[in-house]
Amino acid sequence: MPFTSSPRRSPLRRAAVALLATGALLAPALPAAAAPALPSTVDTAAAVTGPTPDSPVSGKAVPALRGDAARAAAGGKVSEQVRARGEAFQAAHEQRRRADASLVLPPWSGALHSVWGAFPTVVSDGAQATHTINPGISIPAGNPDVVYAPTLVPSGKTCIEVTTFYWQGGNGVGAWDWCAASPGFAAVAWIDASFVSTYTTSFQGLPAYTVLDVQTNAVTNSWTAYLYNYTTSSWDALFTSADTSKLVDPHGGWSMFEVYTEYNPATGEGYYCTETYGTQYHAANLQIKVGGSWTSLTTANSSVTPPGSVSSTDFGCYGLSFTLQTANSHWQVSH
C-alpha cells in the first residue's frame, strides 16, 4: 500500500534538496529551459506491446553518464538521501493519509513527500513497464521540488531502481544502485532529442520508453536494467549490479508517482504544480517475473489504493487526478 509520510523531510533528504537548489547536478545535454523537439512516432498498440522480456539483447549500452560522473550529476549527498527514503518506505509503505478532495489545501511548512501507484505483494525476479515521459517540463532554478514519475523497483532483492525524474537540474532516466556500498545513481540518461528518437514510442499520444529490470544470475543476484531501443528492436543495457545479501529481503517492490514538494505561499500549493500543469504520467504494461514466468500485475499479486480514495491535496497540488486504467497493470496521474 502507498503511504504519505509526515510533512517533514529527513535531514538527509533536506541536505540533498539543498544541493539540488545550488545546482550540484551537471548540466544536461540540452538546457532545462529548452524542450527537445519530439520526433514523429507511430501510435499503435504493436509499437508499445512489441517489447517482451525475451526480445533480443543488443550487447550495447544506453548512452548515459556512469560511475562517478553519474553520482556527480545527482549531487554528492543524494546517495544518503535516497537510501533514507528507501528505508523509510520499507518501514511505512503500508501507511497512508487520505484527505477529502473537497477540503481546502492547507498551508504547510517544510516539505511534503507523497506517493501513489502499484505495489507488488510478492517477491519477483524482474519487472517490465512502459513509462511515459514529459520532455516539456522545465522546472526553473530555485524551485526545490523533485518529481519521480514513474519510478520502478521489481522487489526487495533487486539491485536497481529505474526512475524518471524532473527537477531544476534537468529531466532524466536514472538507474539507482541499491547494491553499491554507498548507494547512489549509477547511470543517468538525459531526456534529450536523441533519447526520445531512440528509446521512445508513442503511447496514448505521449512519448514513452520501455524498461526491463531483471535478475540475470540467481546465484550472484546480478541484476541488469535495460531500455528498449526502438530503432534496433532490442534491449540496450543501462546498468548492471549484484549483491547476494539482498536475496534475504522479503518484500515486494513498487511502481509509483512520487513527489517531494515545498509550499509556495504565492500559489498556495507545491512549487512543482505550476511547472507540471497539463502533464500526464503513465506506468503501463506492468508485469513481473515470478517462479520463472512473467505475469501482469493484478489485484491478486499487488495492491493499489483506490483512485477515489486519493486526494490531490495529499500531494500539495490542486487538480491532480488518479486513474487505474487496468487493475493493477496501468496507473495514470494527470494534472
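The values are calculated or read from the model by the stated rules, or taken from the named source; none is laboratory data. Note that the structure is predicted; figures quoted are calculated from it, not measured. Positions of Cβ are generated from backbone atoms using ideal geometry, with glycine treated the same way; all protein chains shown enter the neighbour counts. Please note that ligands, DNA and RNA were not included when accessible areas were found on the heavy atoms of the full protein model with its side chains. Shrake-Rupley method; radii C 1.70, N 1.55, O 1.52, S 1.80 Å.
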Q | Odd one out for N143, checked against (1) within 23 Å of F239 (Cα to Cα); (2) assigned to a loop (DSSP other than H, G, I, E, B) | A | (1)
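Quick one: which of V219, V214 is open to solvent by 40 Å² or more (accessible area, probe 1.4 Å) and over 25 Å from H113 (Cα atoms)? Explain how you work it out, then say what you get.
Details: V214 fails: open to solvent by 40 Å² or more (accessible area, probe 1.4 Å).
Criteria check complete, one pass: V219.
May I ask you to list the residues in the stretch 226-238 that are in contact with a helix residue (DSSP H, G or I) (Cβ under 9 Å, 6 or more places away or on another chain) and of a type in the set (F, W, Y)?
Scanning the stretch 226-238 gives Y228, Y230.
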**Q.** Unmet requirement for Q332, which otherwise passes all of (1) touching a residue at least 60 places away in the same chain (Cβ under 8 Å); (2) surrounded by 14 or more Cβ atoms within 10 Å (Cβ to Cβ)
**A.** (1)
Q.
Checking the structure you have, find out if any residue of the stretch 201-219 is touching a helix residue (DSSP H, G or I) at 6+ places or on another chain (Cβ under 7 Å) and farther than 22 Å from V333 by Cβ.
A. no
Q. Which pairs have Cβ atoms under 7 Å, sit 6 or more apart or on different chains, and link a residue in the stretch 243-261 that is free of Cβ contacts under 8 Å to residues at least 60 places away in the same chain to one that is open to solvent by less than 40 Å² (accessible area, probe 1.4 Å)?
A. T244/N221
Q) Counting just the residues of the stretch 279-335 that are more than 17 Å from the chain's Cα centre (by Cα), part of a loop (DSSP other than H, G, I, E, B) and β-branched (V, I, T), which one comes out farthest from V123 (Cα to Cα)? A) V310
Q: From T323, T313, T298, grab the single residue that is over 18 Å from E258 (Cβ atoms) and either among the β-branched types (V, I, T) or touching an Asp or Glu at 6+ places or on another chain (Cβ under 8 Å) (or both).
A: T298
Q. How many residues, within the stretch 257-282, are over 17 Å from N171 (Cα atoms) and either at pLDDT 95 or above or not acidic (D, E) (or both)?
A. 7
Q | Selected residue (criterion: modelled with the lowest pLDDT) from residues of the stretch 213-250 that are outside any strand (DSSP E or B) and farther than 19 Å from P183 by Cα | A | P250
**Q.** Checklist (1) at pLDDT 95 or above; (2) among the charged types (D, E, K, R); (3) closer than 11 Å to W116 by Cβ applied to D314, failing item
**A.** (1)
Q) Taking the stretch 244-293, which residues are touching an Asp or Glu at 6+ places or on another chain (Cβ under 9 Å) and either open to solvent by 40 Å² or more (accessible area, probe 1.4 Å) or charged (D, E, K, R) (or both)? A) E262, Y263, Y271, E275, K289, V290, G291, G292
